[in-house]
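Asker: Okay, handing you the structure first.
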Amino acid sequence: MTESREDERIRSALNHIMSGLNGNPYLARRIIANTKGEEPVAKKFSASAVLAVVLVIITTIALAAGVIYNQEWYWNNRNSYEKANRPEVYEAIMANMVENPEQIQCEDDDVQIVIQDASWAPEANIMTISFRATPKKPDLDELHSMWALDTDGSYIGEGGSSTVTDDSEDRAVHWLWRSDIEMEDASRGYGNIPGYGPVADMMDDSQKHLLLIDYTGTHVSIDLPDNTAGELPMPGSIDMFRSTNGDVYFVGEFDLSSLQEDLSSLLDDYEQKMRDLAKKNPDMKDHYEANALAAREDSNLIGENGITCYLTYRIVEYREGMDDSDLYTSGDGRSVQFIIRPVR
């Protein structure tokens with residue numbers, strides 16, 4: 001086989017192998033940076049040896065590209081410390097895990113939200129979810145978390161410095177923090193990735209629109225008599241991270257014991273409302289008293305049909321020099337409804 005035909009065979013094989021992989025601009029930059037200034041190697045390798053080495057590299061990249069950043073990954077990697085210190089909580093979460101729960105996203109032209117998995121684990125007084133946010137127009141938009149903007153809390157706007165290069169110093173300009181999950185842990189400081197610096201400098205492609213996603217809360221819907229419902233915010237904590245392929249991930253842990261206390265308060269208020277209505281409408285007294293009794297008897301947070309939850313978020317298109325009130329308050333009213341059903 002001639003060298004040119006061997007080269008063509010290698011190119012064809014690589015094109016086939018890599019056809020399903022997404023580009024990684026951060027990895028590309030590192031490869032280019034590492035190769036600059038290197039002296040040429042005199043030794044010649046055979047085409048088959050080159051192909052073997054490249055196949056190993058491509059297989060490694062493909063495996064990395066196939067990582068699913070769900071709760072199983074999260075608890076065994078990013079949050080392995082908590083797993084080790086609270087194994088009974090981890091076991092309860094895994095035992096009650098439901099993948100891809102029933103869900104409906106509101107109309108959103110910018111971002112696709114997917115609830116990857118959810119766990120309702122009453123034996124550990126915890127509910128957990130993970131969800132992924134993906135830009136719908138990746139050729140035009142680049143997505144980051146609002147939490148990655150001014151992570152050090154030093155942006156003050158007017159009166160701050162426009163030339164500072166150290167974090168934790170008062171700034172007049174916004175900075176974006178980059179520490180995507182596949183990158184090395186250590187920040188390389190100002191103007192580097194991973195690191196922090198002016199927003200445009202920290203983007204993968206500054207020619208794209210920068211979309212910022214801000215998680216604003218999760219609440220549950222509680223069914224009450226007469227086709228009414230109450231809503232309870234879910235107390236808890238959220239972790240966030242971004243992958244180099246451009247998706248943003250969130251993992252939430254919510255306290256069911258606090259939620260149960262809030263439900264008791266909601267039912268107390270509902271009973272009082274029924275008593276007040278019974279006084280105002282004596283002819284309907286039996287009906288209102290029956291409603292109060294039914295609500296109290298069905299005071300479990302989750303029943304056989306599950307519980308309906310709402311995840312709310314906002315999307316802001318960042319523009320240099322935009323008004324801070326728009327940055328911090330616009331783009332809301334977006335949500336995903338999902339249902340958690342008990343594991344049988």
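The values are calculated or read from the model by the stated rules, or taken from the named source; none is laboratory data. Everything quoted here is computed from the prediction, not taken from an experiment. No Cβ is skipped: glycine too gets one built from the backbone with ideal geometry, and neighbour counts run over all protein chains shown. Heads up: the accessible areas ignore ligands, DNA and RNA and are worked out on the full protein's heavy atoms, side chains in. Shrake-Rupley method; radii C 1.70, N 1.55, O 1.52, S 1.80 Å.
Asker: Can you return the aspartates and glutamates within cross-link range of LYS208? Criterion is Cα-Cα under 14 Å, with same-chain partners fewer than 8 residues away left out.
Answerer: Partners within reach: ASP110, ASP139, ASP141, GLU142, GLU317, GLU320.
Asker: Can you give the FRET efficiency to the nearest 0.05 for TYR190 and ILE104, using r as the Cβ-Cβ distance and R₀ = 41 Å?
Answerer: 0.45
Asker: What figure, in Å² to the nearest 10, do you get for the accessible area of SER187 with a 1.4 Å probe and non-protein molecules left out?
Answerer: 70
Asker: Rounded to the nearest 10 Å², what accessible area does LEU212 have for a 1.4 Å probe in the complete protein model?
Answerer: About 0 Å², ignoring ligands and nucleic acids.
Asker: For a Förster distance of 30 Å, can you work out the FRET efficiency between the beta-carbons of ASN300 and ASP226, rounded to the nearest 0.05?
Answerer: Calculated transfer efficiency: 0.95.
Asker: Report the dimensions of the range 184-303 along its three principal axes from the alpha-carbon atoms, largest first, rounded to Å.
Answerer: Dimensions of the range 184-303 along the principal axes of its Cα atoms: 72, 28, 21 Å.
Asker: Let me ask another. Quickly work out the ARG275-to-ARG78 label distance, labels modelled 7 Å from Cα along the C-beta direction, and quote it in nm with one decimal.
Answerer: Distance between label points: 4.7 nm.
Asker: Say each of MET322 and VAL114 gets a label point 7 Å from the Cα, pointing the same way as Cα to Cβ; how far apart are those two points in nm?
Answerer: 2.6
Asker: Under the Karplus relation 6.51 cos²θ - 1.76 cosθ + 1.60, θ = phi - 60°, what is the ordered set of whole-Hz ³J(HN,Hα) values for the range 308-321, x standing for Gly and Pro?
Answerer: Whole-Hz 3J(HN,Hα) from phi for the range 308-321: 8, 10, 10, 9, 10, 7, 9, 10, 10, 8, 6, 9, 4, x.
Asker: Could you sort CYS106, CYS309 by their accessible area in this structure, using a 1.4 Å probe and putting the largest first?
Answerer: Correct descending sequence by accessible area is CYS106, CYS309.
Asker: Give the Kirkwood hydrodynamic radius (Å, one decimal) of the range 276-326, defined as one over the mean of 1/r across all pairs of different Cα atoms.
Answerer: 15.9
Asker: Right, here's the next one. Pull out the extension gain between VAL67 and ASP201, defined as 0.36 nm times the separation in residues minus the alpha carbon to alpha carbon distance; nm, one decimal.
Answerer: Once the chain is fully extended between VAL67 and ASP201, it gains 45.5 nm.
Asker: Quick one: length gained pulling ILE156 to LYS137 fully straight, 0.36 nm per residue minus the C-alpha distance?
Answerer: Value of the extension gain: 3.6 nm.
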